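Here the structure is laid out as structure tokens; the discussion comes afterwards.
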Amino acid sequence: MDAPNNVLVVEDDVALSKLVGELLNDAGYKPVTIADHALIGAAVERWQPRLVILDGEVRDTGEGRSWDDAVAIRRAHPEIPVVMFSAHTDDIAEARAGVTERSRAASFAGIVGKPFVVEEFLATVKSVVEGRVSEQDSESETGPYDEAIKVFPDIAQHPVAPPTDFLATVVHQLRAPLTVIKGQTQLARRYIGQDPARERAAIDSALSQIERMAQLISDLLNQSRINSNALSLSVVAFDLASAVVAAMTRHQYAEPARITFQRPPGAVAVRGDPNRIAEILDNLLDNAIKYSAENAPIEVWLRVRGTEAVVRVTGHGVGVPASERSMLFTPFFRTSRTAKVHGTGLGLHISQQLAKRHGGRLWLQASSDAGSVFALALPLKK
């Protein structure tokens with residue numbers, strides 16, 4: 001396929017991917033955006049981009065995967081330059097220095113840090129693309145990168161990984177909305193007095209990212225308190241059935257009501273912190289709605305089983321791939337089917353930890369392509 005203006009953007013954050021696509025489109029390029037790094041090879045083959053902009057997606061270990069992906073692209077398509085698009089200052093410094101084995105192997109043609117200045121981002125893209133054209137015009141058939149390809153190390157045989165920790169993942173998660181906020185406010189400033197509709201849209205997008213960042217910070221605080229055993233609980237006896245009804249009311253947005261509730265007659269008394277239990281119920285209902293088709297039913301079921309009260313929430317959405325279920329309650333984990341939907345990747349982890357603090361359990365009971373069933377069990381009041 002001959003598409004000289006195609007630019008492949010690999011970015012797992014939906015809002016940031018949309019912003020970058022808009023900037024590239026306005027600059028005369030044809031952005032092709034993907035979120036799943038596993039699809040890079042197929043996307044490059046199909047779209048034959050002039051440039052790949054590669055984000056620094058963080059693995060479960062906290063380590064970025066830009067290096068491996070860049071090397072894979074360069075091995076398969078040495079003529080296509082790759083730009084690092086990362087929030088990791090250590091990775092950026094290493095790539096710029098170009099002295100380590102993996103930085104030479106990746107051989108990034110440009111580097112853009114998050115958050116970025118719009119003009120600098122576009123200047124980098126232009127410089128790399130025009131530099132590629134110039135090199136192709138002047139080089140022989142062997143191509144400008146052949147010598148570098150010959151000395152590529154096999155990083156699978158000689159892995160070089162930076163120190164990884166939870167902080168690296170946190171920084172990555174916080175900088176994504178911050179990057180969008182900075183980019184959208186720059187766009188809004190461009191449109192002042194010229195295009196009120198786009199100005200307003202840019203401001204609205206920035207505001208939504210501020211809300212997202214506030215939620216992420218709140219989740220991070222809860223995560224920190226749970227890990228340090230500093231999360232306080234105000235334990236009282238309360239009716240779990242009433243708590244479920246209250247949570248459903250907070251999530252009933254349309255008529256006819258899409259959330260149904262099967263419950264035993266009378267109260268179901270448990271002991272716990274009603275506010276923290278409400279957080280768990282809100283998270284389960286929010287996920288069921290967010291990952292289900294519009295107007296698809298959500299079923300909530302409550303029963304007493306032995307010494308426990310069990311709540312089940314069933315959503316009819318994308319489901320969880322079998323290979324990813326063991327990671328579902330890991331901090332910051334997002335399944336391959338939910339990458340395009342906003343979320344922090346902390347909700348289920350925090351909810352499960354809160355359930356444990358109450359002497360209860362939270363687990364994925366069943367999942368398929370037709371949806372998922374999550375179950376919460378809490379001890380009954382003695």
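Some values worked out for this structure:
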quantity: Index of the failed condition, Thr307 passing every other in (1) over 15 Å from Ile259 (Cα atoms); (2) at pLDDT 85 or above; (3) under 20 Å from the mean Cα position of the chain (by Cα); calculated: (3)
quantity: First in the range 354-382 and at negative phi and free of Cβ contacts under 8 Å to residues at least 24 places away in the same chain, second anywhere and aliphatic (A, V, I, L, M) and open to solvent by 10 Å² or more (accessible area, probe 1.4 Å), Cβ under 8 Å, 6 or more apart; calculated: Ala366/Val373
quantity: Hits in the range 354-373 - residues which are in a helix (DSSP H, G or I) and open to solvent by 30 Å² or more (accessible area, probe 1.4 Å); calculated: Lys356, Arg357
quantity: Residue ID - farthest from Gly345 (Cα to Cα), chosen from residues in the range 1-32 that are open to solvent by less than 50 Å² (accessible area, probe 1.4 Å) and polar (S, T, N, Q); calculated: Asn6
quantity: Selection count where residues are within 20 Å of Ala241 (Cβ to Cβ) and small (Gly, Ala, Ser), scope the range 283-314; calculated: 3
quantity: Candidate set from the range 303-315 (those that are out of contact with any Leu (no Cβ under 7 Å at 6 or more places or on another chain) and either under 19 Å from Thr249 (Cα atoms) or among the acidic types (Asp, Glu) (or both)); member that is most open to solvent (accessible area, probe 1.4 Å); calculated: Arg312
quantity: Criterion: in contact with a Ser or Thr (Cβ under 9 Å, 6 or more places away or on another chain) and of a type in the set (Asp, Glu) - qualifying residue of Glu299, Glu255; calculated: Glu299
quantity: Qualifying residues in the range 33-90 (those that are among the charged types (D, E, K, R), assigned to a helix (DSSP H, G or I) and open to solvent by 10 Å² or more (accessible area, probe 1.4 Å)) - the one modelled with the lowest pLDDT; calculated: Asp90
quantity: When residues of the range 330-353 are limited to those that are touching a strand residue (DSSP E or B) at 6+ places or on another chain (Cβ under 8 Å) and at pLDDT 90 or above, the one surrounded by the most Cβ atoms within 10 Å (Cβ to Cβ); calculated: Ser351
quantity: Complete set of residues in the range 191-214 that are touching a helix residue (DSSP H, G or I) at 6+ places or on another chain (Cβ under 8 Å) and among the hydrophobic types (A, V, I, L, M, F, W, C); calculated: Ile192, Ala202, Ile203, Ala206, Ile210, Met213
quantity: Conditions (1) in contact (Cβ under 8 Å) with a residue 40 or more places away in the chain; (2) of a type in the set (A, V, I, L, M); (3) out of contact with any helix residue (DSSP H, G or I) (no Cβ under 7 Å at 6 or more places or on another chain); (4) open to solvent by 40 Å² or more (accessible area, probe 1.4 Å); number of the one not met by Val320; calculated: (4)
quantity: Every residue from the range 290-302 that is surrounded by fewer than 16 Cβ atoms within 10 Å (Cβ to Cβ) and of a type in the set (A, V, I, L, M); calculated: Ala293, Ala296
quantity: Condition check for Ile217: of a type outside the set (Lys, Arg), at pLDDT below 90, farther than 30 Å from Lys381 by Cα and out of contact with any helix residue (DSSP H, G or I) (no Cβ under 7 Å at 6 or more places or on another chain); calculated: yes
quantity: Selection within the range 91-119 - over 25 Å from the mean Cα position of the chain (by Cα), surrounded by fewer than 19 Cβ atoms within 10 Å (Cβ to Cβ) and in a helix (DSSP H, G or I); calculated: Arg96, Ala97, Glu101, Arg104, Glu119
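The values are calculated or read from the model by the stated rules, or taken from the named source; none is laboratory data. Note that this is a predicted model, so its numbers are computed, not measured. Methodologically, a virtual Cβ is constructed for each residue, glycine included, from the backbone with ideal geometry; neighbour enumeration extends over all protein chains shown. Heads up: the accessible areas ignore ligands, DNA and RNA and are worked out on the full protein's heavy atoms, side chains in. Shrake-Rupley method; radii C 1.70, N 1.55, O 1.52, S 1.80 Å.
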